[in-house]
1. Would you mind ranking Y220, Y200 by Cβ crowding within 10 Å, fewest neighbours first?
2. If I build a Gaussian network model for the chain, linking alpha-carbon pairs within less than 10 angstrom, which residue out of G31, G341, G92 has the largest mean-square fluctuation?
3. Decide, for the range 261-326, between rounded, prolate and oblate: order the square roots of the alpha carbon gyration tensor eigenvalues as a ≥ b ≥ c, take rounded if a/c falls under 1.5, and otherwise choose prolate if a/b is larger than b/c, else oblate.
4. Determine the percent antiparallel among the DSSP beta bridges restricted to the chain, to the nearest 5.
5. For the chain, what is the number of Lys pairs with C-alpha distance below 21 angstrom, counting only pairs 8 or more positions apart or on separate chains?
6. Report the percentage of all Cα-Cα pairs in the range 297-376 whose separation exceeds 19 Å, rounded to a whole percent.
7. Please work out the Cα center distance from the range 185-200 to the range 334-363, rounded to the nearest Å.
8. Can you sort R362, R254, R338 by how many other beta carbons sit within 10 Å, fewest first?
Amino acid sequence: TVSRLQPFASTIFAEMTALATEHDAINLGQGFPDTDGPVSMLEVARQAIADGLNQYPPGPGMPVLRQAIVADRAARYGISHDPNSEVLVTVGATEAISAAVLGLVEPGEEVVLIEPYYDSYAAAVALAGAVRRAVPLVRDGERYALDVDGLRAAITPNTKMLVVNSPHNPTGTVFTEAELLAVAELACEHDLLVLSDEVYEHLVFDGLTHTPLAALPGMYERTVTVSSAAKTFNVTGWKTGWACGPAELIDGVRSAKQFMSFVAGGPFQPAVAHALEHEQRWVQQMRNELQGKRDLLASALRGAGFGVYSGGGTYFLLADISALGTRDGIEFCRRLPREVGVAGVPVSVFTDHPQQWNHLVRFAFCKRDEVLAEAVSRLGRLG
Ligand code: PMP
Ligand code: GLN
């Protein structure tokens with residue numbers, strides 16, 4: 001393995017999922033749902049295969065999907081894109097993220113991440129030979145909030161890009177419009193590109209709303225927005241994502257993407273297009289159910305003695321393990337599958353300041369109620 005990838009030799013998701021399998025534990029580590037997406041969407045994919053849509057689709061993605069993405073963003077956010085030059089279909093959001101960094105950041109330039117950060121950001125920055133600076137979120141009561149002064153302090157003349165993720169994995173924080181406006185102001189003032197990872201854009205609870213960064217003043221022309229069908233339609237295995245933004249930026253993303261995968265899987269594209277057009281009610285219902293699951297897991301963890309940070313979005317909440325007499329989240333997560341039959345993920349692995357975060361464990365609640373109930377009863381044995 002080359003030296004720049006050595007720190008990323010194996011992901012925490014691979015390690016914890018392997019432990020969960022070995023001990024037959026309930027996997028609340030890796031974030032994936034255990035029920036299928038909308039039936040009509042699955043049927044369109046089946047039909048696409050039967051109809052012979054099994055060869056390379058166009059490089060930027062099938063027109064039907066690019067148009068559906070554009071229509072969806074116009075309808076929900078009032079943002080308009082040219083489907084031919086401002087939308088790129090990718091192999092999940094993961095590829096869009098790597099391709100955006102590889103296609104838009106020069107070696108040696110700096111990329112600012114908000115910590116804890118989704119693990120692929122740091123790896124993408126390393127692959128590009130760029131330099132990362134991580135700005136920790138700060139505790140504000142039960143919420144993890146943006147540290148605007150910290151963000152300002154991390155920007156140097158060599159900074160090229162900010163990576164923002166709202167709703168935020170792993171804290172669940174949904175950034176407020178005021179927080180995002182502060183990001184926008186800094187990005188405009190220092191003329192930075194912004195990679196806005198909005199894969200959880202629909203998974204927002206408690207009456208909060210998701211603000212797309214590209215809709216804020218001065219942001220369209222500097223923002224690459226990334227999203228995916230994975231979390232919106234319960235198809236994490238389809239690896240169908242997209243990047244949207246101004247043509248010059250999407251061209252950079254496309255230049256890298258074409259040599260990573262060339263194209264994304266064909267039969268899934270008309271199916272996701274269909275879902276974007278016809279299954280918004282399904283998404284709302286799923287989101288409402290997810291909020292109930294969040295509440296169920298949060299109250300059970302509190303009952304078992306954990307401190308809980310349940311943000312307003314995503315698949316995840318954070319449990320503070322200090323009340324259980326340990327602050328070593330990595331060690332805790334390595335023994336949890338064997339000792340109680342549940343897997344989680346230590347938050348410190350998503351950070352550059354592990355000692356600040358080691359007492360926190362991320363649990364996913366995107367599971368059937370009976371599975372969550374069993375997980376909760378197992379976790380209760382810890383208390
Ligand atoms: N960004 C974030 C914040 C994620 O949590 C994930 C994983 N679900 C991804 C990107 C990757 O998405 P995909 O599975 O579409 O590649
Ligand atoms: N995004 C999901 C998570 O955060 C899955 C990540 C993965 O398996 N690479 O759990």
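Read the figures in this text as sums done on the coordinates, not as results from a lab. Computed from a predicted structure; not experimentally measured. Methodologically, a virtual Cβ is constructed for each residue, glycine included, from the backbone with ideal geometry; neighbour enumeration extends over all protein chains shown.
1. In order of increasing Cβ crowding within 10 Å: Y220, Y200.
2. It is G341.
3. oblate
4. 50
5. Going through the chain pair by pair, I get 7.
6. So the portion of pairs separated by more than 19 Å is 31 percent.
7. 29
8. If I rank by nearby Cβ atoms, fewest first, I get R338, R254, R362.
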